[in-house]
Amino acid sequence: MQLWFSRASAVTLREQLVTQIILGILSGDLPAGQRLPSTRELARRFRLHQNTVSAGYRQLKQERWVEFRKGSGVYVRKAPPAEPQAPSIVLDRLIADLFASARTLSIPLADVRSRVNRWLELQPPDHFLVIEADEELRRILCTEMQRALTFLVSGCAPSDAEPPSGVASAIPVALPNHEKIARDALPQGTELFLLQVRSVPTSLAGWLPAPSDALVAVASRWPGFLKMARTVLVAAGFQDDSLLFRDARKPNWQHGLQDAAAIACDVVTAAELQKAKRTVVFPLISEASLAELRRYEEFIRNPLK
């Protein structure tokens, strides 16, 4: 059985072993009933620790790829796992079929690798990546975008966006005031989509003129939302003593909210206030910006339409 191991990889040696054996089974290189090398033999041949090989074999047994026969060894099961396979296993099967076909055609491994890399480079992006250092703000932006879009939306801090592999299949997005930080974190020449913030007058339109005798609560896990809300609401004519602020990261933060005439919050905090009445969500991203993202998404999906 031919195996390869990279000791410089972030993938553990055990996972490398397990994946290659599964690929061997899926491709037919390791047929049903095939006896696998013993733990000691495999460890000696590839300079692995016996515990690494044993752990790999145990994982394969647990996932029903192999069976242990007492006094005989480890064998490929006659039937592969019957339960629905995880997407990673389905993908492994496709990759195994690719390599099996390449071997049938006597195509060198280096040529296969080169063509796969070329296809990966040609593939359009398939998800949005919000680059934002503040974790709570990042969650709000991701949630608002995900509700408006069909592509997956994920997020990361600028420090996590540095490796090119992290953004190779993504459409990076950031807030305008964080554009420089985001661009510095991305590979040079990477396109960056800037999110436009919702207009404050538009958000407050239904709240003005400010009520004089109503208690209005503001709740959020993002301190920036609380600070911004206080400044804007006071500037719009709300009395400071008629405003109640709650940091949703703190214990018992919902105490007293039942007395408020309305609770202003972000989209993430709103999910924790599902039972509360009079909850008003203040989105951060403008509708125009979300519409532009939807058009961009549609263009990627149907570039010739």
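Just so it is clear, none of the values below were taken in a lab; they were calculated from the coordinates. Here the structure is a predicted model, which is why all the values come from computation and not from measurement. Cβ placement follows ideal geometry from the backbone for every residue including glycine, while neighbour counts extend to all protein chains displayed.
Points worth noting:
- Amide proton proximity set for residue 152, modelled H, under 5 Å, gap of 5+: 128
- Set of aspartates and glutamates with alpha-carbon distance to residue 227 below 19 Å, sequence-local pairs under 8 removed: 132, 134, 135, 136, 240, 241, 247, 266
- Mean shadow area of the stretch 13-115 over all directions, Cα convex hull, nm²: 7.4
- Cβ crowding within 10 Å, taken as a proxy for footprinting-reagent exposure, orders 127, 255 from fewest neighbours to most as 255, 127.
- Length-normalised contact order for the stretch 13-115 - Cα pairs under 8 Å, 6+ apart - percent: 31
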